[in-house]
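To start, the structure under review is shown below, and the notes come after it.
The values are calculated or read from the model by the stated rules, or taken from the named source; none is laboratory data. On a predicted model such as this, the values are computed, not experimentally measured, just so you know. All Cβ positions, even for glycine, are placed from backbone atoms using ideal geometry, and neighbour counts span all protein chains on display.
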């Protein structure tokens, strides 16, 4: 039978189609894949989680398996609220936190709550591709602001904000951005905050990677300078485990938070309470900072190793921006070669990368690509980069 | 700060406001509440779940805590596909099943995938109130068809279907409907299937309570007669535990299923895989039918007890339709008294009921109300019904 589906779901979805085809190809067990973005399972606290599940089911099983409330489990919301002090944001209350099915759901909630068809929104260029897809569901007009190696381009930001006073929201990933791995410098951060302050924009700060800083000091969250103008997204996916799908949105604006909750209630009533309680128990019984330190050590070593291999094997003309945290590196090919050409040629030799294209709202056939280091062994990183270097050389020789 | 939010989220939400105020009042520990709809925690298999979580984390912890795929855990999808044979639907494949965050999420997925603003959809009158709220997010024109004591009014259904050939979907709860507890008779079921067959309508069958039939035999699922025209929703919330938020949609239409998956990927990537695997392990290691039998026995006894109390304590003129399953009873007050009046007067005496109003798309100040029996002790049921009877008598004396 042929159904007449909604216009929103039947529109072309460049991001979705592009990424699905890449991830399908990269999933073959013969392929060395730097295309995905998985945490390393070595970092999952499996035994501690087993102890936590046992405790929750024995002590509070009837609550953990029952329906629960839309905002989430109080003890977990309290932990998250308190955690904001490490990001320079004080006075966050447990009531400000809504627990979501991963921070991905928070993006959809904000989209539904803020965007009418045709409304303007502002994003970094490039930006997280599933955020673009999620916003697209609400038919906004997407305005883009270039990401430089020290963060968002502030001149362009200022111009965009000035020329579009009715834009609804701006979506920022200021720390170790996916895809670029880039972080705002202190100067860029402070100037961006100044530009955004006092505008009508909801500032949506996505911050999945800031806890994974290998060295140096993070900027404060934008919530410190911008107060209730800034909604802050977070997740346990990168610091504990993504399989439980526990993220959050910190919204200190009462009116907006009420509407976010109304939307979530119709979307799925509430986030699974069993996993929320297990996570809260895990956090109460373990030193999360020690755990994060171990993960950072692992990823730092892998990032260093991949950067060393890139310097060693990639030909001159292929550039990348060193990173100090997160899970990704971002490289740029010399003029004349597109990332999709590299992707195809490398895949034929058994290595998958993620071309930059789907991370841009408008740009196509770009020269940028993303590689992930968190989930590969050193041997695989070295072998993959050696092959990638050979393929780059071949492509450059042909031009 | 004051944000300009989306028009969809700032519209009046009668269902939400009405229900929130009722549930808030009913939540007080001094109140006897028949207003909610919670399963009885006595029925939760806590020890078995503890064994299942231990096994999953020990054997497959690195998979259970990692990112996973949007459609869901293969073993769980296989179990659900096979289960449809008990509902008369054969040949369902694991690939036809998408695991969702409770069946509530499946409603939102279908809404997003099928409804453009202004599209017509058809629902039972009354119907599940959070389904109405979820559909409202997509701005449909809602057409209603009366529920009689033997199921949907087929003459009205035939007329509505004929006069609205472009209606997108019809949402049906044929077994122990929430709110009414009513079930379609065999005659009504077969005639409804005949009316719907060959139309352009997507038939969305919601079936959370069919496994909780105390006696007699269920009708086949509409999927048996209607093939891929029918999407079937289901949930583990009423037969195992709601806290894990595991439901599903069975969609045998390839094109629609692909779009449902696209939507879910942007909504939250995937349902928590840890709970999916725990549930699959629980189902593999335990006799679910034996477990359901125990729950049914419990609820049957409670339903009987509540019906006995209603016959004993409610005055003549207050009517209710006996049920053979599910979690609810539906009563009608004599003319001249509204359910909201009863709600207010009863609450003042310490008993909460759920007035019928939010379950209707258009009707207000109705005389119908819902009472839940699954989660109260016999003592509480008796005391509550005695008070409710007194309040009814007082209200009737005043008229």
Criterion (under 27 Å from residue A:362 (Cβ atoms) and touching a helix residue (DSSP H, G or I) at 6+ places or on another chain (Cβ under 6 Å)) met by exactly one of A:113, A:10, A:53: A:113
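Is it fair to say residue A:383 is part of a helix (DSSP H, G or I), closer than 27 Å to residue A:150 by Cβ and over 22 Å from the mean Cα position of the chain (by Cα)?
Values: part of a helix (DSSP H, G or I): yes; closer than 27 Å to residue A:150 by Cβ: no; over 22 Å from the mean Cα position of the chain (by Cα): yes.
Criteria not met by residue A:383.
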Flagged in region B:260-308 as surrounded by fewer than 24 Cβ atoms within 10 Å (Cβ to Cβ) and outside any helix (DSSP H, G or I), in numbering order, are B:269, B:286, B:287
Suppose the filter is buried (at least 19 other Cβ atoms within 10 Å of the Cβ), away from every other protein chain (no Cβ under 13 Å) and within 29 Å of residue A:242 (Cα to Cα); does residue B:98 pass it? yes
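Would you mind finding the one in B:114, B:87 that is surrounded by 19 or more Cβ atoms within 10 Å (Cβ to Cβ) and under 30 Å from residue B:323 (Cα atoms)?
Criteria check complete, one pass: B:87.
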Quick test for you: out of A:277, A:232, pick the one residue that is away from chain B (no Cβ under 11 Å) and more than 25 Å from residue A:42 (Cβ to Cβ). A:232
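Look through B:352, B:346 and report the one residue that is surrounded by 15 or more Cβ atoms within 10 Å (Cβ to Cβ), in contact with a helix residue (DSSP H, G or I) (Cβ under 7 Å, 6 or more places away or on another chain) and within 19 Å of residue B:181 (Cβ to Cβ).
B:352
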Can you say whether residue B:387 is under 30 Å from residue B:211 (Cβ atoms), touching a strand residue (DSSP E or B) at 6+ places or on another chain (Cβ under 9 Å) and touching a residue at least 60 places away in the same chain (Cβ under 8 Å), as far as the supplied structure shows? no
When every residue in region B:235-255 that is facing another protein chain (nearest Cβ under 7 Å) and crowded, with 23+ Cβ neighbours inside 10 Å is compared, the one nearest to the chain's Cα centre (by Cα) is B:242
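Limited to region A:189-211, what total is found for residues that are away from chain B (no Cβ under 12 Å), farther than 21 Å from residue A:100 by Cα and buried (at least 22 other Cβ atoms within 10 Å of the Cβ)?
Kept after step one, since they are away from chain B (no Cβ under 12 Å), are these residues of region A:189-211: A:189-195, A:205-211.
Then keep just the ones that are farther than 21 Å from residue A:100 by Cα; that gives A:189-195.
With the extra rule that they be buried (at least 22 other Cβ atoms within 10 Å of the Cβ), the set shrinks to A:189, A:192.
Total meeting the criteria: 2.
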Scanning region B:207-259 residue by residue, those in a strand (DSSP E or B) and under 25 Å from residue A:1 (Cβ atoms) turn out to be B:230, B:231, B:232, B:233, B:234, B:235, B:247, B:248, B:249, B:250
Tell me, which helices (runs of 4 or more DSSP H) lie completely within region B:1-66 with 2 or more residues that are more than 16 Å from residue A:265 (Cα to Cα), within 9 Å of another protein chain (Cβ to nearest Cβ) and more than 19 Å from the chain's Cα centre (by Cα)? B:46-64
Test: residue in region A:273-285 that is assigned by TED's automatic domain parsing to the domain that holds residue A:121, touching a residue at least 24 places away in the same chain (Cβ under 8 Å) and either at positive phi or under 20 Å from the mean Cα position of the chain (by Cα) (or both): no
Can you find a residue that is more than 22 Å from residue B:253 (Cβ to Cβ), touching a strand residue (DSSP E or B) at 6+ places or on another chain (Cβ under 6 Å), crowded, with 24+ Cβ neighbours inside 10 Å and at pLDDT 95 or above anywhere in region B:154-173? no
Residue match in region A:179-186 (condition: surrounded by fewer than 16 Cβ atoms within 10 Å (Cβ to Cβ) and in a loop (DSSP other than H, G, I, E, B)): yes
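Against the condition modelled with pLDDT of 95 or more and more than 14 Å from chain B (Cβ to nearest Cβ), how does residue A:226 come out, does it pass?
Details: modelled with pLDDT of 95 or more: yes; more than 14 Å from chain B (Cβ to nearest Cβ): no.
For residue A:226, the condition - modelled with pLDDT of 95 or more and more than 14 Å from chain B (Cβ to nearest Cβ) - is not met.
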Is it true that residue B:147 is crowded, with 18+ Cβ neighbours inside 10 Å, touching a helix residue (DSSP H, G or I) at 6+ places or on another chain (Cβ under 7 Å) and either within 25 Å of residue B:357 (Cα to Cα) or within 14 Å of another protein chain (Cβ to nearest Cβ) (or both)? no
